[in-house]
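I have placed the structure first, in the form of structure tokens, so that the comments after it can refer back to it.
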Amino acid sequence: MLWFKKQPDSTREAGAAELIEPAELAVALDPQLFLRHLGNLKQTAELDAGLEPYLESLRAKHQLFFDALNSAAIDALDLAKIELLLEAVFSARRRLFPALEQMGEAAAAAAIKTLLYGQGRLQQRMEAFVAAIPVVQGEDRESIKAAGKTRRAAYDFAAELLHFNAPEQYPLMTRWVWDQATVSGALREFIRGNDSMTEIPLGSSPEMYEGARQWFAAQVGEQGIYRDVPFWIDLVQAQAYADYFRSMAEGMLSADFGRGGGPEEYLKKFLGIDALRRSGRSRVKHSSDSAGLGE
């Protein structure tokens, strides 16, 4: 696979394949914790229909993104297709679409095309995508808070557009995988003694995420797994964060998730492969929808 190799600088000429040089992690990840979370993943899958449907759901999500975003299709991207993609991004589906509507179809599609295929460093393109999203921010506390949530949702959407369009090329760089600002995320759950750490200087560069992913790929390979490796990594990371999430007290953290969900439901929601509404209605929040998350 492309990302098992030593990779050059994460810049490219227009139209060329982008490669990310993996960084050496500032904090070591623990193989025993990987095995623990892999075992938990298998136990979680037993509560459902097994691991294969999870992998199939991730393959289907990749196909959805690739069909809309590949270089031959990107120029036909419109708001309806963007909404379908946003439906599959849990942390953004309830926050971002009104801003994209305000931005306008042509500008939103152009921003996504530049993110995926523009020139310049990957991190700069991700930052530019977030900066392009129109955010109305007042001076009151609630307005500032809401604006921050919209920007964070835009970052997560950018990360998933990259990963699920080209899962072997890009690691999953969403905040639930790692958020340096809050020193939290799935990667923390693979660090021995993390409970006593107040600082974990992993950073937030694409190179860091790629370095972590190569470590996970090696762990997965040691289990004799050689197919769907990017999706196995996504699943183990999601399981680790779901374990952490479920260990926290009910309250503010779980407000976005609803009540009464089993461990498999948390995992599916982090990966955006949770079940659609029975009514078939989109869970993407529009500007005309009532306020609140309601998930």
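The values are calculated or read from the model by the stated rules, or taken from the named source; none is laboratory data. Values in this document were obtained by computation on a predicted structure and should not be read as measured data. Cβ: placed from backbone, ideal geometry, glycine included. Neighbour counts: every protein chain shown. Calculation scope for accessible area: heavy atoms of the full protein, side chains included, ligands and nucleic acids excluded. Shrake-Rupley method; radii C 1.70, N 1.55, O 1.52, S 1.80 Å.
Structure values in brief
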{"quantity": "Computed [θ] at 222 nm, deg cm²/dmol, the chain (DSSP H ≥ 4; -39,500 (n - 2.57); rounded to nearest 500)", "calculated": "-16000 deg cm²/dmol"}
{"quantity": "Cα gyration tensor shape for region 56-131, rounded if a/c is under 1.5, else prolate or oblate", "calculated": "rounded"}
{"quantity": "Most mobile of Gly203, Gly39, Gly138 in a GNM of the chain (Cα contacts under 10 Å)", "calculated": "Gly138"}
{"quantity": "Positive-end residue of Ser247, Gln123, Ile200, charge dipole of the chain with Cβ unit charges", "calculated": "Ser247"}
{"quantity": "Nitroxide proxy distance, nm - points 7 Å out along Cα→Cβ at Gln43 and Arg59", "calculated": "2.8"}
{"quantity": "Label-point gap, in nm, between Asp140 and Ser204 - each point 7 angstrom along Cα→Cβ", "calculated": "2.7"}
{"quantity": "Entry for Cα extents along the principal axes in Å (calculated from the structure that is shown) out of (i) 48, 48, 38; (ii) 50, 42, 39; (iii) 91, 59, 29", "calculated": "(i)"}
{"quantity": "Residue-span extension gain [Arg36 to Phe66] - 0.36 nm each, minus C-alpha spacing", "calculated": "7.5 nm"}
{"quantity": "Pairwise centroid distance, computed over Cα atoms, of region 79-102 with region 164-221, Å", "calculated": "25"}
{"quantity": "Virtual paramagnetic centre 7 Å along Cα→Cβ of Gln123, amide N under 20 Å, in region 149-173", "calculated": "151-163, 169-173"}
{"quantity": "Of Gly272, Gly50, Gly224, the one that fluctuates the most in a GNM where the chain has Cα springs shorter than 10 Å", "calculated": "Gly224"}
{"quantity": "Per residue value of the accessible surface for region 132-229 (all protein chains in place, 1.4 Å probe), Å²", "calculated": "42"}
{"quantity": "Solvent-accessible area of His62 with every protein chain in place, 1.4 Å probe, in Å² to the nearest 10", "calculated": "50"}
{"quantity": "Highest-MSF residue in the chain out of Met208, Met248, Met173 [GNM, Cα springs under 10 Å]", "calculated": "Met248"}
